Amino acid sequence: MKKNIIKYAAMALMLMSGASANAQIDLGSILGGLSGNSGSTTGNVISSLTSIFSSDKQATANNIVGTWAYDSPAIVFESDDLLTKTGAALAANKIEAKLQTTLSKYGITKEKFNITFKEDGTFSETIKGKTYSGKWTVIDSKLQLTYSLKTMEITTQKEGNKLMFVTDATKLLTLVQSLGAKTATSSSLSTITSLAKNIKGMKVGLTLVKE
């Protein structure tokens, strides 16, 4: 009897191990599909657009003054540990491509979007030929843009002549709409938000360069 019990227990463990292996294979297939190349490695799918968030690099009232034009999507990780994880790297690669297409659709492109921060605390923004204006300030390292009576708080990252506006995936639509893409919808950003919100510590948005 004792031998039979041990035998059945061993068989059960083998079945469980097989199921676990299959689950890993399925996950690998999904991640491979995101990059369009199941043979890709973590190292060669990490885009140069991807950055590591640093509280020391957030914009200040002193270094944000000037005119900034849209350059590219932004992907920021809160920890460089995430870049060693294939799933996070592949998702970032996919999000960048989707975000570029979506931002272009709503007029946030190199030729059509820029924002100027003035020393007097006012700003002007141009998108698709339309100009918006308001007031800006930096409070507790957060950039706050006020359009009429509505205020938008933005997490920033400044690296050299580049300025990134980033946010959690759940607030991406609000960020895009606040920057002038009034017709942006949740459905148009659904792929991006569903990928990003499942990766803890990832923020998405846009990168501007100083003119």
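The values are calculated or read from the model by the stated rules, or taken from the named source; none is laboratory data. Everything numeric here is computed off the predicted structure, so don't read it as measured data. We place every Cβ from the backbone using ideal geometry, glycine too, and count neighbours over all the protein chains shown. Quick note on the areas: whole protein, heavy atoms, side chains included, nothing else; ligands and nucleic acids left out. Shrake-Rupley method; radii C 1.70, N 1.55, O 1.52, S 1.80 Å.
A few comments on the model shown:
- Top-ranked residue of segment 127-137 - restricted to ones that are assigned to a strand (DSSP E or B) and open to solvent by 40 Å² or more (accessible area, probe 1.4 Å), ranked as farthest from N114 (Cα to Cα): T137
- Selection count, segment 166-181, where residues are open to solvent by 10 Å² or more (accessible area, probe 1.4 Å) and among the β-branched types (V, I, T): 3
- Among the residues of segment 108-122, at least one is open to solvent by 10 Å² or more (accessible area, probe 1.4 Å), touching a Lys or Arg at 6+ places or on another chain (Cβ under 7 Å) and not charged (D, E, K, R).
- Exclusive hit being open to solvent by less than 80 Å² (accessible area, probe 1.4 Å), at pLDDT below 90 and either over 26 Å from D56 (Cβ atoms) or not aromatic (F, W, Y) (or both), set L195, L149: L195
- Evaluation of L49 against (1) at pLDDT 55 or above; (2) in contact with a Pro (Cβ under 7 Å, 6 or more places away or on another chain) (one fails), failing number: (1)
- Failed item, numbered, when A184 is tested on (1) part of a loop (DSSP other than H, G, I, E, B); (2) in contact with a strand residue (DSSP E or B) (Cβ under 8 Å, 6 or more places away or on another chain); (3) open to solvent by less than 30 Å² (accessible area, probe 1.4 Å): (2)
- Restricting attention to segment 165-211, the residues being within 20 Å of K128 (Cα to Cα) and not hydrophobic (A, V, I, L, M, F, W, C) number 12.
- Some residue of segment 66-80 being at pLDDT below 90, of a type in the set (V, I, T) and open to solvent by less than 40 Å² (accessible area, probe 1.4 Å): yes
Conditions (1) within 14 Å of V76 (Cβ to Cβ); (2) under 15 Å from the mean Cα position of the chain (by Cα); (3) among the acidic types (D, E), marked per residue:
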| residue | (1), (2), (3) |
| --- | --- |
| I115 | no, no, no |
| K118 | no, no, no |
| F123 | no, no, no |
| L173 | no, yes, no |
| K200 | yes, yes, no |
| V204 | yes, yes, no |
| K210 | no, no, no |
